[in-house]
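See below for the structure under consideration.
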Amino acid sequence: MNHTALQPDTREVIRQAESFITACYRELEITEDERDRRLADIREEMQRTGTYKHSGEELAHGARMAWRHNSRCIGRLFWHSLDVIDARGAETAEEVAAALLHHMKQANNGGRIRPVITVFRSDEEQGRALRIWNHQLIRYAGYPGNGEHPRTGDPASDEFTAVCLKLGWQGTGGDFDLLPLVISIGAEEPRCFPIPPGLVQEVPLSHPEIPQFTELGLRWYSVPIVSDMCLEIGGIRYPAAPFNGWYMETEIGSRNFGDTDRYNRLPAVADLLGLDRSTNTSLWKDRALLELNRAVLYSFKQAGVSIVDHHTAADQFIRFQEQEKQQGREVSGKWGWLIPPMSPSSTPIWNDNKLRDLQLSPRFVYRKQQAELGQRAAAEAEAEGCPFHQSMKSD
Ligand code: ARG
């Protein structure tokens, strides 16, 4: 075919569309005739408008393929069960906020977590770029503290919390304040939408054998909904496409509470367990991690909220690899992301030295949201010394 009269990026989008439609229609067992008709339509639409619109079926299967291709995800065995909500019709910030609240309810499903993605429109409408500023739809605020007040909350949220405060949102200053949704359309001011009380299910942490564990006052939310990645399908980018699965316990027990630059609770847990923190050889960190992870699994189970342990998740990943092999597809993977952060050598992924990051498409890519949004916040905050701006300089 002759693409020579087209813009280079138009040609590139057509190339990617061809490759996606071919793979997608083959997997969905759609006839080659129908595929060829669709490809002709896409080429025509591209030449006329500079873009093309996915059908609902293409969008749904494309999003599922993007999950299947995500080289950092250990939970991909279930890629086929992803619920895809087509929210490309949402126009205003209010409509977007309503769709996000709907996503949270659909995903939480009374504790039986369902994997869901909500896809908002792509950027083709000039000057109307739709952005979700949150890293995850549900996350706890972070307050750096000062001479008088100790730091509180999740340090990973410090910058974003400062943005929310600047937009007029108010938190309690505690360890587990739910952040509001922040949405912008084009050059309009971003708007804050607090999540209505009662909508987010949270799990207070307790331990199967240690009653005093509750005194630590730890809790976590039920569903991780990543909202700062861009979904790319057949040359079209969807910068607002929040998605979720269910938690693996180490994400909360090892990383969110264990990391020193997150909640950093291993010393408190070790003290509760009466461990000797004066020497590494007591393995107090390892023992604290273990009991913290057990508490996460136990508490989620008690609350009736879906969660997977890292051994089961690793076994499921092996099944995913076998399943993909049977389908004649290669699995893309990043070893360092797929091994769990606790006892990795006790899982079968440990010995897999063949994993390679294949950059398959459709895919999820980082949106560089912080840099992009930071520049905007920076322009405003220049005179005021906004903490968001300060930390953007290093990006
Ligand atoms: N690790 C992130 C967190 O602890 C969540 C990332 C997505 N996790 C998932 N199980 N789908 O909040």
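The values are calculated or read from the model by the stated rules, or taken from the named source; none is laboratory data. Note that the coordinates shown come from a computational prediction; the quantities given were computed from them, not determined experimentally. All Cβ positions, even for glycine, are placed from backbone atoms using ideal geometry, and neighbour counts span all protein chains on display. The accessibility values were calculated without ligands, DNA or RNA, using every heavy atom of the protein model including side chains. Shrake-Rupley method; radii C 1.70, N 1.55, O 1.52, S 1.80 Å.
Figures for the structure shown
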| quantity | calculated |
| --- | --- |
| Sulfur and carbon atoms: percent of accessible area, region 310-354 [1.4 Å] | 46 |
| Bins of 20 Å, starting at 0 and running to the largest distance - Cα pair percent for the chain | 24, 55, 19, 1 |
| Residues with amide H under 5 Å from that of Val116, placed H, sequence gap 5 or more | Asp83, Asn244 |
| By average C-beta atoms within 10 angstrom, highest first, the peptides 102-111, 326-335 | 102-111, 326-335 |
| Built amide H within the under 5 Å cut-off of Asp177, gap 5+ | Ala141 |
| Region 112-186 shape via C-alpha gyration tensor axes, a/c threshold 1.5 | oblate |
| Highest-fluctuation residue, Thr312, Thr31, Thr51 considered, GNM on the chain with Cα pairs under 10 Å | Thr31 |
| Of all accessible heavy-atom area on region 1-59, the percent that carbon and sulfur account for (1.4 Å) | 44 |
| Prolate/oblate/rounded call for region 34-78, Cα gyration tensor, a/c under 1.5 rounded | prolate |
| Global form of region 17-134, assessed from the alpha-carbon gyration tensor, a/c cut-off 1.5 | oblate |
| Percent of beta bridges antiparallel (DSSP, the chain, rounded to nearest 5) | 75 |
| Carbon and sulfur %, accessible surface of region 70-227 computed with the full protein complex present, 1.4 Å | 52 |
| Per residue solvent-accessible surface (Å²) - the chain, probe of 1.4 Å | 49 |
| Region 268-361: C-alpha pair distances exceeding 21 Å, % | 50 |
